[in-house]
Amino acid sequence: KPSDPSLKILHKTILLGDSGVGKTSLLVKFDTGKFQTGNFSATVGIGFTNKIISVDDSKVKLQIWDTAGQERFRSVTHAYYRDAHALLLLYDVTNKISFDNIRAWLSEIRDYANEQVVIMLIGNKADCNPSDRMVKREDGERLAKEYSVTFMETSAKSGLNVEIAFMAVARELLFKK
Ligand code: GDP
Ligand code: MG
């Protein structure tokens, strides 16, 4: 089988967003199919997972980075995402503050990330009880539109849109020029 040239590029993809929104859970779900309750240890250093995603006849290699609690102190270093190809920016639909903080995250990204970076806004925990929901789907959609980024609601718990979100990112990376 001829080697796939698109595979040679490793697309650095980073999960961003406030602490507790479900970044680690989303990556673990995508990687292993499992959902684990309770906060993941923040003691391990920044780690990454390599995944190969099929998009039509091509394969896209993502190196997906997760922060280990640095986001809690807003100390995710700028050098860390300066060379990122894609950013998954998460908020928690049951946590209004995490949604309000998205603007600050986006302004950081504007200042420090590559201009060409692919950004996907994600409202996670969409499985929540309707009475716990503090951010409407339309609010997420509107914000994404304002910043011209892709939007999706996900659930690391049920698996809703988890693969679809990473596939959409891979597709955008493959077809952007
Ligand atoms: P991080 O700090 O952004 O990495 O967030 P974690 O992945 O550590 O998740 C924080 C908490 O939210 C944990 O208790 C998770 O079990 C929970 N959680 C994460 N994703 C979901 C989800 O999609 N639905 C629900 N109901 N809980 C979630
Ligand atoms: Mg985490």
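The values are calculated or read from the model by the stated rules, or taken from the named source; none is laboratory data. Keep in mind the model is a prediction, meaning the values are calculated, not measured. As a convention, Cβ positions derive from the backbone with ideal geometry for all residues, glycine included, and neighbour counts pool all protein chains shown. The protein model used for the area step is the full one, side chains on, heavy atoms only, and it has no ligands, DNA or RNA in it. Shrake-Rupley method; radii C 1.70, N 1.55, O 1.52, S 1.80 Å.
If you go through segment 15-24 and pick out every residue that is assigned to a helix (DSSP H, G or I) and either open to solvent by less than 20 Å² (accessible area, probe 1.4 Å) or of a type in the set (Lys, Arg) (or both), you end up with 1. Within segment 113-148, the residues that satisfy the criterion of being among the hydrophobic types (A, V, I, L, M, F, W, C), in contact (Cβ under 8 Å) with a residue 40 or more places away in the chain and in contact with a strand residue (DSSP E or B) (Cβ under 8 Å, 6 or more places away or on another chain) are Val118, Met120, Ile122, Val135, Leu143. Yes or no: segment 100-111 includes at least one residue that is farther than 21 Å from Phe48 by Cβ and among the hydroxyl-bearing types (Ser, Thr, Tyr). Yes; the residues of segment 100-111 include at least one that is farther than 21 Å from Phe48 by Cβ and among the hydroxyl-bearing types (Ser, Thr, Tyr). Checking each residue in segment 126-164 for being within 12 Å of Lys29 (Cβ to Cβ), within 15 Å of the chain's Cα centre (by Cα) and not aliphatic (A, V, I, L, M) picks out Thr154, Ser155, Gly159, Asn161, Glu163. Scanning segment 82-126 for residues that are among the hydroxyl-bearing types (Ser, Thr, Tyr) and modelled with pLDDT of 95 or more turns up Tyr91, Thr94, Ser98.
Given Val169, Val117, Val135, Val93, which one is closer than 24 Å to Thr49 by Cα and out of contact with any His (no Cβ under 8 Å at 6 or more places or on another chain)?
On the way: Val117 fails: out of contact with any His (no Cβ under 8 Å at 6 or more places or on another chain); Val135 fails: closer than 24 Å to Thr49 by Cα; Val93 fails: closer than 24 Å to Thr49 by Cα.
Within the list Val169, Val117, Val135, Val93, the selection yields Val169.
Scanning for something in contact with a Gly (Cβ under 9 Å, 6 or more places away or on another chain), open to solvent by less than 90 Å² (accessible area, probe 1.4 Å) and at negative phi, does segment 165-173 turn up at least one residue? No, because not a single residue in segment 165-173 is in contact with a Gly (Cβ under 9 Å, 6 or more places away or on another chain), open to solvent by less than 90 Å² (accessible area, probe 1.4 Å) and at negative phi. Look at (1) assigned to a helix (DSSP H, G or I); (2) at pLDDT below 70 and you find that Ala79 fails only one, number (2).
Among the candidates Ser131, Ser98, single out the residue that is outside any strand (DSSP E or B) and crowded, with 20+ Cβ neighbours inside 10 Å. Before you say what the answer is, go through the steps one by one.
On the way: Ser131 fails: crowded, with 20+ Cβ neighbours inside 10 Å.
Matching residue, one of Ser131, Ser98: Ser98.
Would you say Leu121 is within 20 Å of Arg103 (Cα to Cα), surrounded by 16 or more Cβ atoms within 10 Å (Cβ to Cβ) and away from ligand 2 (no atom under 16 Å from the Cβ)? The answer is yes for Leu121.
Kindly establish whether Phe35 is more than 19 Å from Ile122 (Cα to Cα) and either near ligand 1 (Cβ under 8 Å from one of its atoms) or at pLDDT below 75 (or both). Full working, then the answer.
Working: more than 19 Å from Ile122 (Cα to Cα): no; either near ligand 1 (Cβ under 8 Å from one of its atoms) or at pLDDT below 75 (or both): yes.
For Phe35, the condition - more than 19 Å from Ile122 (Cα to Cα) and either near ligand 1 (Cβ under 8 Å from one of its atoms) or at pLDDT below 75 (or both) - is not met.
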